Amino acid sequence: MNVAKGIRHLAVVGLLTVSTVMASGCTNMVVFDPKGPIGEQQRDLIYFAMLLCLVIAVPVIAITAWIVWRYRDRPESKASYQPKWEHSTKLEIIWWGIPILAIALLAVVTSIYTHRLDPAKPLKSDAAPITVQVTSLDWKWLFQYPEQGIATVNTLVIPEDTPVKFELTSDGPMNSFWVPQLGGMIYTMSGMQTTLHLQADEPGE
């Protein structure tokens, strides 16, 4: 019995160690370090959703662990198994009502942010926006600046504190365009143009 218990403890310690080592690789989560107004609002929405999930998940997991530990079967237990079923309408309302309220709150907040963060909606700013035409090609990106009369391949350069209107399309392959610290992933598709408005608040790479 002691050997089996020792093996279980060793397995738990090993699992926790491996999880810690694997999680420690996430040292640079750029999504949570935004450099623009769209990225900041998207980060706030992620934080809100995570917090709301934790408010429900942590107590449920803790109570589940406590119930398993409290009512586990032990060798010294001689009690006969005689379950007595009871029903409580009040408890049913509580443990169904809280998740329903949480989901409703998340739905309302998400719909507000979704409307506010519409990628086609121009950003409010004192600076005049610039336009960048983005085309995904085979294995590369083409960036055209129609107002400046120049184009670059695989290198995007934009000014800080200036709204940028991206007009995205594809020469053939469907691809996804994403600058994590500025926010807003959007797809490029052949024969279709999508629009994305972003802004960088400080110099970066």
query = In terms of the Cα gyration tensor, with a ≥ b ≥ c the square roots of its eigenvalues, is region 26-90 rounded because a/c is under 1.5, prolate because a/b exceeds b/c, or oblate?
reply = oblate
request  = Could you pull out the longest piece of the chain with no exposed loop chymotrypsin sites (Phe, Trp or Tyr not before Pro) in it, calling a site exposed if DSSP puts it outside H, G, I, E, B and it has at most 11 other Cβ atoms within 10 Å?
outcome  = 1-70
message = Restricted to Cα positions, what overall size does region 95-177 have along the principal axes? Three whole-Å values, descending.
response = 60, 36, 16
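Run the numbers for Met185 and Thr162: contour at 0.36 nm per residue of separation, minus the present Cα-Cα distance, in nm. Please report the intermediate quantities before stating the final value.
Numbers: separation 23, 0.36 × 23 = 8.28 nm, distance 1.91 nm.
Extra length available between Met185 and Thr162 comes to 6.4 nm.
Rounded to the nearest angstrom and ordered from largest down, what semi-axes does the equivalent ellipsoid of region 84-132 get from its C-alpha gyration tensor (root of 5λ)? Intermediate results must be reported in sequence, preceding the final value.
On the way: eigenvalues 450, 13, 6 Å².
Semi-axis lengths for region 84-132 are 47, 8, 5 Å.
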remark   = Each label sits 7 Å from Cα toward the beta-carbon; between Ala107 and Asp126 the label points are separated, in nm, by 4.3 nm
Equivalent-ellipsoid semi-axes of the chain, from the Cα gyration tensor, Å, largest first = 51, 23, 15
query = For the chain, what number of Lys pairs, 8 or more residues apart or on separate chains, have alpha-carbon atoms under 23 Å from each other?
reply = 7
note = HN-Hα couplings for region 41-48 via Karplus (6.51, -1.76, 1.60; θ = phi - 60°), in whole Hz with x for Gly/Pro, come out as 5, 5, 4, 4, 5, 5, 4, 4
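Laboratory data are not the source of any read-out in this text; all were calculated from the coordinates shown. Note that the structure is a prediction, hence the values are computed from the model and not measured. Using ideal geometry, Cβ is built from the backbone for each residue, glycine included, and neighbour counts are taken over all protein chains shown.
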